[in-house]
Amino acid sequence: MSRTVLGLVAVGAAILASALVVAWYAKMHERAVISHAAAPTAARQPLAPIEPPKQATATAPAAAVTPTFDVARIGRDGHAVIAGRAAPGAKIVLLDVGKEIAHGQADAQGEWVLLIEEPPLAPGKHELQVVQQFAGQEPVKSDQAVIAMVPERSNSTDETLVVIAPPDGAATLVQPSSPAGVPRSSDLVLSTLDYDSQGHVIVTGQAPAGAAVRVYIDDKLVGEALSSGDSRWRSAPADAIGPGKHVLRLDQLAKDGKPAARLELSFERLTAPPAFGDHEWLSIVKGDNLWNIARAHYGQGWQYTVIFNANKDQIRDPNLIYPGQIFSLPKVN
């Protein structure tokens, strides 16, 4: 549902996403056939033909396994370590906006690791996806994408922002853009705050495993989440929020039901003109960029040029857009 991820990464320890281990085993079975000679006085009978051992039918792992990302560590200089899982033995190709930038092979457990060294990722925005390939089979592309914002080389303070984005739902922050970390209070952490064009919100974060986290918007209780075994929690309140300024409050509850940690953050949902004709309208918030907007609305990040061409009066540089701008989103075939 995510339309935009608010800029909650002004502050830094990397949150590493993990995926489930997928293993495939094939076993070959053979039959031993023992022949005994007949007594010399008995009439020799013709031997029944011996059937060859039946071979196990090999399954096509590429048809059942979709490659995933586990780790994405990208330095501010663009050098990176990307790792994940795929079908065992598959050829792995890493794409940046559809262009191959690295390749390798998954091992017998389906694990793969790729290095991006020379050339490194250039400053700016990148969308990485992984493709697994087997000879004679259709390639399988990851549903996830690693979205990275590499800072300019002259910027000596910011780190590379990295999130792993699923096709739907909230993105997972794996590397904040500032060494100061993400918003936190004691062990309570706010990772992302997403909302769509209708105002439906998804909030994600971290807390001690088993801890209850209550979510308030404008002092109204809108949801409660239980931190899982990996210390992550997620809440998607049923009610949409209206345009304007809001205050998000998170309470981590102690065993007695009283708040053990509290975190507050102000954010704003801007008002956009209603859709009309062949256009929709989008209010830009902190953290937006044309690539992600195009990916969310058109399904392909490279169609950011459609948005750029429709809003040239507001956009001088497609890499620079600002909160408060309202862009026209033309319909495309």
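Any read-out appearing in this document is the output of simple, stated calculations on the displayed coordinates, not a laboratory observation. Everything numeric here is computed off the predicted structure, so don't read it as measured data. We place every Cβ from the backbone using ideal geometry, glycine too, and count neighbours over all the protein chains shown.
Structural remarks
- Extending 7 Å from the Cα toward the beta-carbon at both Lys258 and Ala310 defines two label points whose distance is 5.4 nm.
- Over segment 183-269, the ratio between the Cα radius of gyration and 2.2 N^0.38 Å evaluates to 1.02.
- Given R0 = 51 Å, the distance between the Cβ atoms of Lys220 and Val113 translates into a calculated FRET efficiency of 0.65.
- If R0 is 35 Å, the Cβ-Cβ spacing of Ala83 and Asn155 corresponds to a FRET efficiency of close to 0.85.
- In this simple spin-label approximation, Thr66 and Gln325 carry label points 7 Å from Cα along the Cα→Cβ vector, and these lie 3.2 nm apart.
- Neighbour counts of C-beta atoms inside 10 Å place Thr305, Thr160, Thr66 in the sequence Thr305, Thr66, Thr160, starting with the fewest.
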